[in-house]
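Engineer: One structure is given below, represented as C-alpha cells, and several questions about it will come after.
The values are calculated or read from the model by the stated rules, or taken from the named source; none is laboratory data. Owing to the predicted nature of the structure, the values given are computational and were not obtained by experimental measurement. Here Cβ is always computed from backbone atoms with ideal geometry, including for glycine, and neighbour counts include all displayed protein chains. Keep in mind that these areas ignore ligands, DNA and RNA; they rest on the heavy atoms of the full protein, side chains included. Shrake-Rupley method; radii C 1.70, N 1.55, O 1.52, S 1.80 Å.
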Amino acid sequence: MLVDGKWTEDWQPVQATDEKGGFVRQVSSFRNWVTPDGAAGPTGEGGFRAEAGRYHLYVAFICPWASRTLIGRVLKGLKEAVSVSVVEPALTDQGWRFGDYPGSIPDTVNGATWLHELYTRAEPRFTGRATVPVLWDRDRGTIVSNESADILRMFNSGFGELARGDIDLYPADLAPEIEALNDRIYPALNNGVYRAGFATTQVAYDEAFWEVFAMLDWLEDELAGGGPFLLGERFTEADIRLFVTLVRFDAAYHGLFKCNLRRLADYPRLSAYLARALALPGVRETVNMDHIKRGYYGIGKLNPTGIVPVGPDLPDLDPVPAPAAPA
C-alpha cells in the first residue's frame, strides 16, 4: 500500500480485520461525480462536466467492482465517450500492473506501469490501497472517483446526452426496491464471499459462509416469481451488482474462497438468470474468465502453488426464459 505517497509494503489480500478475524473492506478515497453540467454531485467537489473523450476508466477483469462499471459503460453506450485500460490479471508485490498479458490494455493516458502511480499523481501524499476501478479526468489530471457504485450511477445519469436514454439502470420508480436489494445482497453475498475467503478465524469464516448460501437460497426462491430479472422485465443496477458475483462463483469463490456447500450450477433458476444476463448486448464482452481465474488463483496467500484450474468456463447456454408467474 501507499503511505504518504510512497510504496511501503507488498500487496496483501486482507486489508483489515474486525475483532472476530473477519475481513473489512477499505473505504473508497475519491468520491467526486461527473455530471451533465459539471455541478457537484452527492459527494466531493464540482467541475467534472460530462464531455466525450475527457474521461478514462481503469479496470481489472478479475475485480467484480470494476466489472460493474464496465457493464454500465457498455449498456449505456459510452464505449466511445469513455476510454478504458485493463490491468494484468495477476496482482504483484506492488498491486495492479499494466502490461501485455492477453486481454490487458496498457495505460495510454498516463503511461503508468503500476496502478498506484495514478493515485500519487492525483494526490502526491496519498495513503491507502490503490484499487480499481478508477475514473480519471484527462483535463484536470486527477481521479474523479474510485468508488464503483458511484461510477456506475455516473454512467447511468451523469453523462447526459452522451449516454443512451432508452436504458435506465436506476429508474426512479424502482429506486427504493433497488436500494433494498443492494443493502441485502451486498453484505451477505457480494462481500460475503470475500469475508469467507479472507477470514482469518473459523468463526468469521463460518458466519460468512452460511450468509452466502442463505442469500443464494433466497435469490433462487425469489426468481420463481416470473420476471427475467430481479425486479421484473427491467435489468437494473441491482442485477449488475448480483451478476458480477454470480459469474465468478463457480470459477473462483466455490473453490478458492471455500464457498463450497453448493455450486451456482446447482441452482437452476440462478443459472438461467446468469445466462439471460450474459445474453444482453455487450455484457459477455465484459467478462474474461482467463483473467478471473489467473487473478484469483494468483493470490499467493490463498494458493501458494499458483496453479490455475482449467475449468469452469463461462456457461455456453442459450438464454433460458423466466418461468411464468404463478396465477
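Engineer: Is one or more of the residues making up the stretch 309-321 within 30 Å of Lys20 (Cα to Cα), in contact with a helix residue (DSSP H, G or I) (Cβ under 6 Å, 6 or more places away or on another chain) and either of a type in the set (Phe, Trp, Tyr) or surrounded by fewer than 19 Cβ atoms within 10 Å (Cβ to Cβ) (or both)?
Structural biologist: Filtering the stretch 309-321 for residues within 30 Å of Lys20 (Cα to Cα) gives none.
Looking through the stretch 309-321, none of the residues is within 30 Å of Lys20 (Cα to Cα), in contact with a helix residue (DSSP H, G or I) (Cβ under 6 Å, 6 or more places away or on another chain) and either of a type in the set (Phe, Trp, Tyr) or surrounded by fewer than 19 Cβ atoms within 10 Å (Cβ to Cβ) (or both).
Engineer: Quick test of your reading of the structure: Ala90 fulfils all but one of (1) open to solvent by 30 Å² or more (accessible area, probe 1.4 Å); (2) in a strand (DSSP E or B); (3) under 24 Å from Met1 (Cα atoms). Name the failing condition by number.
Structural biologist: The failed condition is (2).
Engineer: Sort out which residues of the stretch 194-241 are open to solvent by 50 Å² or more (accessible area, probe 1.4 Å) and more than 17 Å from Leu181 (Cβ to Cβ), and write them in order of number. Step through it out loud before you land on a result.
Structural biologist: So in the stretch 194-241, the residues open to solvent by 50 Å² or more (accessible area, probe 1.4 Å) come out as 200-203, 206-207, 210-211, 214, 217-218, 221-222, 233-234.
The answer is Thr200, Thr201, Gln202, Val203, Asp206, Glu207, Trp210.
Engineer: Show the residue pairs meeting these rules: Cβ distance below 7 Å; 6+ apart or different chains; first residue within the stretch 186-200 and more than 18 Å from Leu264 (Cβ to Cβ); second residue β-branched (Val, Ile, Thr) and open to solvent by 20 Å² or more (accessible area, probe 1.4 Å).
Structural biologist: Phe198/Val14; Thr200/Val14; Thr200/Thr17
Engineer: Do you know which of the residues in the stretch 50-67 that are hydrophobic (A, V, I, L, M, F, W, C) and within 17 Å of the chain's Cα centre (by Cα) is farthest from Ser157 (Cα to Cα)?
Structural biologist: Here is the first cut: in the stretch 50-67, the ones hydrophobic (A, V, I, L, M, F, W, C) are 50, 52, 57, 59-63, 65-66.
With the extra rule that they be within 17 Å of the chain's Cα centre (by Cα), the set shrinks to 57, 59-63, 65-66.
Details: Leu57: 17, Val59: 20, Ala60: 23, Phe61: 24, Ile62: 26, Cys63: 23, Trp65: 19, Ala66: 18 Å.
Per the criteria, the residue is Ile62.
Engineer: Among the residues of the stretch 138-152 satisfying the criterion of being assigned to a helix (DSSP H, G or I) and touching a strand residue (DSSP E or B) at 6+ places or on another chain (Cβ under 9 Å), which is surrounded by the most Cβ atoms within 10 Å (Cβ to Cβ)?
Structural biologist: Among those that are assigned to a helix (DSSP H, G or I) and touching a strand residue (DSSP E or B) at 6+ places or on another chain (Cβ under 9 Å), it is Ile151.
Engineer: Name the single residue, out of those in the stretch 121-137 being part of a loop (DSSP other than H, G, I, E, B) and of a type in the set (D, E, K, R), that is farthest from Val59 (Cα to Cα).
Structural biologist: Filtering the stretch 121-137 for residues that are part of a loop (DSSP other than H, G, I, E, B) and of a type in the set (D, E, K, R), the one farthest from Val59 (Cα to Cα) comes out as Arg125.
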